[in-house]
Amino acid sequence: MLVSFFQFISGQKKDLESIVEFGDVNLIRINKYFGSFAYSFPIPNDIAIEVYDLKFKSPLLAASFKSEKDLIDIWLKLGLGGAVLKTIMSEKRNGNARPRLQQVRLERQACLVNALGLPGEGVKLFSNSIIDSPLWSNDKPLGLSIGGENFDNYIDCFDTIEKQLKTTSINNYFYELNISCPNTDTGSCLGDSLSDLEKLIDYMRRYSSKAISIKVSPDWGDEHLKSIGDIILAKEKMIVNAGNTQFKTIEYLGLKKDSLPRGGGGLSGLAIFPRTLQMINLFSDMNLTIMATGGISTVHHLNAARDAGATLFGMATSLIMDPYCIPKINYNLSKGY
Ligand SMILES: Cc1cc2nc3c(=O)[nH]c(=O)nc-3n(C[C@H](O)[C@H](O)[C@H](O)COP(=O)(O)O)c2cc1C
């Protein structure tokens with residue numbers, strides 16, 4: 001409210017990203033001085049789950065959207081079973097111009113819409129720093145999310161990270177392929193080309209036995225999703241992550257013309273949950289191992305997604321809105337609510 005009020009009186013454009021940054025800085029400050037008091041919640045023993053060789057103390061994961069280790073550390077302390085780090089691209093990127101993150105009210109709930117455009121440090125810096133990350137000491141699996149503007153970018157990211165990790169004893173990780181990145185320069189995604197996707201998975205399998213999660217887009221039609229499911233089904237140690245944000249135009253969202261770049265952005269939060277459930281149903285009919293991402297913030301969402309066939313549950317918007325949903329869901333899950 002403070003940042004929003006300051007933006008209003010100083011005539012700046014509404015920009016939720018500054019508000020999130022303000023919140024993040026304060027969460028991290030609290031972690032430094034009172035972390036073990038404010039954020040330490042034990043995970044009930046009876047909610048652990050194993051997926052291939054990965055042991056999750058809770059089925060809740062941070063979806064790929066943040067790379068700051070201090071924030072991820074807070075969420076892990078609050079009780080996440082693991083986290084997928086923000087998608088890493090081949091080169092350093094600033095992403096789209098701000099404002100590029102806004103809040104919208106849909107289904108009478110606060111949802112987010114973002115057109116960040118995958119800002120990040122680039123894979124070289126990332127792979128140098130990830131090997132020394134204190135996050136590995138939590139003994140919780142980390143997902144390394146790879147993106148790209150084209151096939152070669154994905155190969156470059158994978159090769160660079162894998163080579164670096166192979167020089168260490170780090171073992172508790174899996175890969176996630178973000179094949180559905182909207183808001184990038186070309187606007188096309190690896191997931192549009194089934195042959196490239198299959199070639200990429202085969203290439204990764206030659207050099208790594210780690211589980212691979214394929215993150216699909218809720219914007220794709222069911223036939224395309226089924227074709228991706230067929231590819232995944234034929235490979236070993238695969239997870240399908242259903243799914244990413246849903247693209248919506250600023251007109252659809254009722255936002256002002258200059259509130260997002262590129263005329264729209266990816267919607268996340270409760271409003272996309274119905275499509276998440278549809279995708280889970282589609283993939284569970286194919287007997288795939290499913291991570292459900294999109295609109296999960298309570299144990300009721302998690303139960304509905306689990307009943308439909310999901311095993312793991314990713315969250316992004318709800319971690320921004322109220323990270324204390326993590327211990328609440330863990331507790332309710334253990335009590336069987
Ligand atoms: C600010 C923001 C940044 C995101 N960045 C990424 C990203 O880098 N890679 C990715 O695969 N998904 C990204 N996502 C999508 C989320 O991982 C997630 O799939 C989506 O938000 C739906 O889940 P939710 O409803 O729990 O937020 C981002 C989402 C948000 C809100």
Query raised in the report: Under 5 Å between amide H atoms, partner at least 5 residues away or on a different chain: which partners does N241 have, H built in plane at 1.01 Å?
Result: I214, K215, V216, M291
Query - Accessible-area ranking of S40, S137, S213, largest first, probe 1.4 Å - result: S137, S40, S213
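Calculate, for A110 and D258, the FRET efficiency according to 1/(1 + (r/R0)^6) with r their C-beta to C-beta distance and R0 22 Å; round to the nearest 0.05. Walk me through the numbers on the way to the answer.
On the way: r = 21 Å, r/R0 = 0.97.
Calculated transfer efficiency: 0.55.
Would you mind calculating the gained length between A48 and R29 on full extension (0.36 nm times residue separation, minus the Cα-Cα distance), in nm to one decimal? Write down the numbers at each step before the final one.
Values: separation 19, 0.36 × 19 = 6.84 nm, distance 3.00 nm.
Result: 3.8 nm gained on full extension.
How big is the C-alpha Rg of segment 159-297 next to the rule-of-thumb value 2.2 N^0.38 Å, as a ratio? Intermediate results must be reported in sequence, preceding the final value.
Numbers: Rg = 16.5 Å, N = 139, 2.2 N^0.38 = 14.3 Å.
Normalised by 2.2 N^0.38 Å, the Cα Rg of segment 159-297 equals 1.15.
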Query - Radius, Kirkwood style, for segment 223-288 when every pair of distinct Cα atoms is counted (Å) - result: 13.8 Å
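When only the heavy atoms of the protein chains count and the probe is 1.4 Å, how do V113, V20 rank by accessible area, highest first? Display every interim value, and only then the final one.
Numbers: V113 0, V20 20 Å².
Output order, biggest surface exposure first: V20, V113.
How large is the helix-only mean residue ellipticity at 222 nm for the chain, computed as the sum of -39500 (n - 2.57) over DSSP H runs with n ≥ 4, divided by its residue count, in deg cm²/dmol to the nearest 500? Working shown, then result.
Working: 12 runs with 132 residues, N = 337.
Per the formula, -12000 deg cm²/dmol.
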Query raised in the report: Residue by residue through segment 124-138, which ³J(HN,Hα) values in whole Hz follow from phi under the Karplus form 6.51 cos²θ - 1.76 cosθ + 1.60 (θ = phi - 60°), with glycine and proline marked x?
Result: 5, 4, 4, 5, 5, 7, 5, 5, 9, 5, x, 4, 5, 6, 6
Query - Gain upon complete extension [E162, S334; 0.36 nm per residue less C-alpha separation] - result: 58.3 nm
Requested in this report: Take the chain, compute every pairwise Cα distance, and split them into 10 Å bins from 0; I just need the percent in each bin.
Outcome: 5, 26, 37, 25, 6, 0
Report summary line: Measuring from its Cα centre, segment 2-334 shows a charge dipole (+1 at each Lys and Arg Cβ, -1 at each Asp and Glu Cβ) which, in debye to the nearest 20, is 760 debye
Report summary line: Using alpha-carbon coordinates alone, the radius of gyration and Dmax of segment 70-161 in Å work out to 15.5, 44
Query raised in the report: What's the extension gain from N94 to I131 if we count 0.36 nm per residue and subtract their Cα-Cα distance?
Result: 11.0 nm
Requested in this report: Might you work out the accessible area of R262 for me, using a 1.4 Å probe with all protein chains in place, and round it to the nearest 10 Å²?
Outcome: 110 Å²
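What is the sum of charges around L277, taking Lys and Arg as +1, Asp and Glu as -1, for the other residues whose C-beta is under 12 Å from the C-beta of L277? It would help to have the intermediate numbers written out before the result.
Numbers: positive: R275, R306; negative: D307.
Neighbourhood net charge equals +1.
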Report summary line: The FRET efficiency for F41 and F8, from their Cβ-Cβ distance with R0 = 45 Å and rounded to 0.05, is 0.80
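Can you tally the net charge around Y252? Count Lys and Arg as +1, Asp and Glu as -1, for every other residue whose Cβ sits under 15 Å from the Cβ of Y252. Present the calculation step by step, with values, prior to reporting the outcome.
Numbers: positive: R105, K248, K256, K257, R262, R275; negative: E107, D219, E251.
Surrounding charge for Y252 is +3.
The values are calculated or read from the model by the stated rules, or taken from the named source; none is laboratory data. These numbers were taken from a predicted model, which means no experiment stands behind them. Neighbour counts run over all protein chains shown; Cβ positions are idealised from the backbone, glycine included. Only protein heavy atoms, including side chains, enter the accessible area calculation; ligands, DNA and RNA are left aside. Shrake-Rupley method; radii C 1.70, N 1.55, O 1.52, S 1.80 Å.
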